[in-house]
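Engineer: Input: one structure, supplied below.
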Amino acid sequence: MQRIVHIFVRILGREESRLLFLRKRLIKLMFTLENIKKRLEDYSPEEQNDLEIRNKIFEEVVGQDGHGWALCMGTGIRPTPKRSRASSSSDKSIEVEIAQIREEAEEKRIRHKEELEQVLNKSKEYVNEMLRRVGLSIPDDAIETSNQP
C-alpha cells in the first residue's frame, strides 16, 4: 500500500510541476502577445495588415530562429535555410529581379527587331540594285506585300 501511495505522490508531483511549467509558459505567451499588440498600435490600420511589418514585429519580440530550432514550431522542426518568417522581403527582391530581366529582354527584342529591319532594308536595296543592273524594276510595295503573311 505504501508503494502505491508513493507512486501516486510521484505522479501528482509530476503533474503539479507540469501544471506550473504550463502556467509559466502561458504567462510568457500572454506577455509576448500583449507586447506584439502594443507595437502594432504604433502603425496605421493599413500598415498593421502588412505581412512584412507583422513579421518584423514578431521577430523583434520573439527573436530569430537559431541553434537549429524553428521558433513556435515545436521540437524536431528545423528552420529552412534563409527562408524564415521574413520571406516576403526576399520574394519582393525576386520580383524586382524578374522585372529587371523582363525589361532587359524587351530591350533586346526591340534592338534585334531594329537590326532585322536594317538587314531587310539593305537586302531590298541590294535586290533592287541587282534588278536595276539587269534592266528590271519591281515596285517597293510589291516586295513589301509579298513578305506579309
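Engineer: Condition test on Ser88, is it open to solvent by less than 60 Å² (accessible area, probe 1.4 Å), in contact with a helix residue (DSSP H, G or I) (Cβ under 6 Å, 6 or more places away or on another chain), at pLDDT below 85 and of a type in the set (S, T, N, Q)?
Structural biologist: Against the criterion (open to solvent by less than 60 Å² (accessible area, probe 1.4 Å), in contact with a helix residue (DSSP H, G or I) (Cβ under 6 Å, 6 or more places away or on another chain), at pLDDT below 85 and of a type in the set (S, T, N, Q)), Ser88 qualifies.
Engineer: Test of understanding: among Lys24, Lys38, which residue is part of a helix (DSSP H, G or I), of a type in the set (Lys, Arg) and modelled with pLDDT of 85 or more?
Structural biologist: None of the others qualify; the one that does is Lys38.
Engineer: Of all residues in segment 46-64, how many are part of a helix (DSSP H, G or I), open to solvent by 50 Å² or more (accessible area, probe 1.4 Å) and without any contact (Cβ under 8 Å) to a residue 24 or more places away in the chain?
Structural biologist: So the count comes out to 5.
The values are calculated or read from the model by the stated rules, or taken from the named source; none is laboratory data. The model shown is predicted, which means the values in this text are computed figures rather than measured ones. Backbone-built Cβ (ideal geometry, glycine too); neighbour counts: all protein chains shown. These area figures cover heavy atoms from the full protein model, side chains too; ligands, DNA and RNA do not enter into them. Shrake-Rupley method; radii C 1.70, N 1.55, O 1.52, S 1.80 Å.
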